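Throughout, read-outs are computed from the coordinates displayed, never taken from laboratory work. What you see is a predicted model, and the numbers here were worked out from it, not measured in a lab. Reconstructed Cβ throughout: ideal geometry from the backbone, glycine too, with neighbour counts over all protein chains shown.
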């Protein structure tokens, strides 16, 4: 489940439009794919996406 570091502090990130940004803090990401992980994340943190909150299947 994670969290995993996506970009380290002080690294340079290039956006799609070519703009360069230096990160001040570590940037983390989490991957939620298994049903039990989704249920655990919902109970501990919560989702802002309505479909995830009610547990709807993907389209």
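Just a few scattered comments:
- Over the stretch 4-54, equivalent-ellipsoid semi-axes from the Cα gyration tensor in Å: 30, 13, 9
- Shown for 45, 38: other C-beta atoms within 10 Å of each C-beta, ranked fewest to most, produce the order 45, 38.
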